[in-house]
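The values are calculated or read from the model by the stated rules, or taken from the named source; none is laboratory data. Just so we're clear, the structure is a prediction, and the values are computed from it rather than from any experiment. A quick note on method: Cβ atoms are made from the backbone with ideal geometry, for glycine too, and the neighbour counts reach across all protein chains shown. Accessible surface is based on the protein model in full, side chains and every heavy atom, while ligands, DNA and RNA are left aside. Shrake-Rupley method; radii C 1.70, N 1.55, O 1.52, S 1.80 Å.
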Amino acid sequence: MALLHQFKICNGQVTYKSRFLSSDSYQANSEHNRIAVSEFGTVTMPDPCKNFFQRFLSRFEIPSEFQVTPTDNANVSFVTYKGDYYVSTETNIMHKVDPETLETTKKVDWSKFIAVNGATAHPHTEPDGTSYNMGNSYSGKGAYYNIIRVPPTKSTEDETLEGATVLCSIPSADKTKPSYYHSFAMSKNYVVFIEQPIKMDLLKIVTGKLRGKSISAGFSWDPKLNTVFHLIHKQTGTVSSIKYVAKPMSTFHQINAYEEDGFLIVDMCASDDGQAIANYNIQNLRKSGEALDEVYNTLCRVFPRRFVLPLNVDDDTPYSQNLNQPGSSATAMRISQHKVFCTHEDLHGEDLHQYGGLEFPQINYGKYNTRPYRYFYGCGFRHLVGDTLIKMDLKGKRMKVWEHPGLYPSEPVFVPAPNATEEDDGVILSVVITPHKDKGTFLLVLDAKTFEEVGRAAVPVNIPYGFHGTFNATA
């Protein structure tokens with residue numbers, strides 16, 4: 001169940017509060033004292049209080065995730081639209097929350113405003129407040145990927161998503177097996193959708209409850225398929241006729257994207273395998289010692305990569321030669337009239353391998369998203385969860401590391417210093433857990449420039465490992 005956390009820093013003091021999201025899923029589970037709503041990795045079991053015939057019939061109910069009211073357990077990320085704070089997952093339900101009290105104030109359904117069956121928990125926001133997101137839609141004609149635009153201001157106090165539009169719809173290459181995506185990239189002029197070989201079998205998902213299988217059981221990795229980059233112009237909604245393809249890979253989080261000298265640079269965290277979703281089965285998380293090491297040693301590592309996509313591909317563009325300029329080892333080669341094959345450049349040195357790769361990337365988003373940048377931050381993954389914090393300097397691909405044995409930091413959140421003049425002038429915030437110590441959680445503050453520890457704020461409660469957060473700066 002989604003558990004919201006707040007650290008408040010004021011006048012040299014740090015206070016902490018947490019609150020379960022008051023979702024329908026939470027209320028149902030609390031009422032029945034069991035999992036009563038199917039989630040991504042867990043299928044609802046028949047009510048043990050029902051007789052055999054009633055339990056048998058319950059298998060034939062339409063899974064809640066495909067009913068009018070899907071799971072609303074928004075446990076992935078805090079997001080903002082038009083200045084309002086929401087918690088979000090990947091269904092069409094978000095919850096508006098009060099960032100001061102963490103109280104759930106309103107349930108918002110994307111499908112009431114636009115024709116989508118869900119939206120990512122990783123929207124992008126322009127400096128003027130305009131937001132972009134992605135959501136799937138399903139019809140008799142198959143599955144579509146939709147680019148969503150939300151205007152920057154509210155027309156009424158209550159309807160945050162009023163005015164949201166579908167900028168364009170992209171048909172899935174396989175009508176019944178669309179690709180899974182967790183996020184997308186955005187540059188000044190383009191939304192970049194990465195269609196990867198992690199596939200969702202819609203038939204298996206719809207019939208999952210009948211078969212006693214969770215939603216995740218309908219996901220599969222198809223290494224025979226290439227990865228496809230779709231470029232959508234943000235102002236016109238036009239999808240580029242050029243498809244940029246790369247070898248099979250999986251990506252959950254992009255670092256940044258920007259345009260420079262007729263090229264679109266897309267930086268992301270990616271791996272050559274798509275089995276990551278299965279890593280976090282409860283059976284694996286319960287393991288320890290050699291059994292856990294055996295699981296971890298089979299994982300495909302995630303590393304930061306750069307793709308350079310030439311924007312000016314036309315009838316005169318030559319075939320079978322690298323279209324990219326010197327300066328990056330990433331290549332782009334035209335292989336057919338509307339297709340360019342791309343290879344990546346590693347955004348790291350050999351020293352990152354000893355830290356198991358990097359995930360949960362963050363940048364100085366407010367100043368450098370969609371712009372050329374130098375630094376990004378993330379977690380090193382020598383275990384199933386992050387065990388180090390890493391700062392990567394793209395100039396020379398040098399890195400700084402914060403690590404302490406037995407401590408597991410969460411996603412680093414960059415907070416710029418007031419009146420900052422340099423990209424890394426600020427601090428890094430991360431919630432650090434100590435699994436082998438009772439009530440050993442603390443908020444860590446690092447100097448983003450030096451990566452030296454500034455301080456810790458101990459929390460006298462146990463906090464579970466989390467996903468994504470945001471920093472709300474107030475006077």
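Listing for the model above:
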item: Karplus-derived 3J(HN,Hα), 6.51/-1.76/1.60, for each residue of the stretch 23-29, Hz, glycine and proline x; result: 8, 4, 4, 4, 5, 5, 5
item: Relative packing of peptides 6-15, 213-222 - highest average C-beta neighbours within 10 Å first; result: 213-222, 6-15
item: Selected from Ala173, Ala457, Asn189, residue furthest toward positive end of dipole (the chain; charges at beta carbon); result: Ala173
item: Computed over the chain, Cα set: Rg, Dmax in Å; result: 22.4, 71
item: Solvent-accessible area, 1.4 Å probe, carbon plus sulfur percent, for the chain; result: 52
item: Value of relative contact order over the chain, rounded to a whole percent, pairs C-alpha under 8 Å and six or more apart; result: 8
item: Rel. contact order, % - alpha carbon contacts under 8 angstrom, at least six apart, the stretch 416-475; result: 26
item: Helix-only mean residue ellipticity at 222 nm for the chain, each DSSP H run of n ≥ 4 adding -39500 (n - 2.57), per residue, nearest 500; result: -2000 deg cm²/dmol
item: Length-normalised contact order for the stretch 288-381 - Cα pairs under 8 Å, 6+ apart - percent; result: 25
item: For the stretch 123-138 and the stretch 435-464, distance of Cα centres in Å; result: 32
item: Probe 1.4 Å, accessible area per residue of the chain, Å²; result: 48
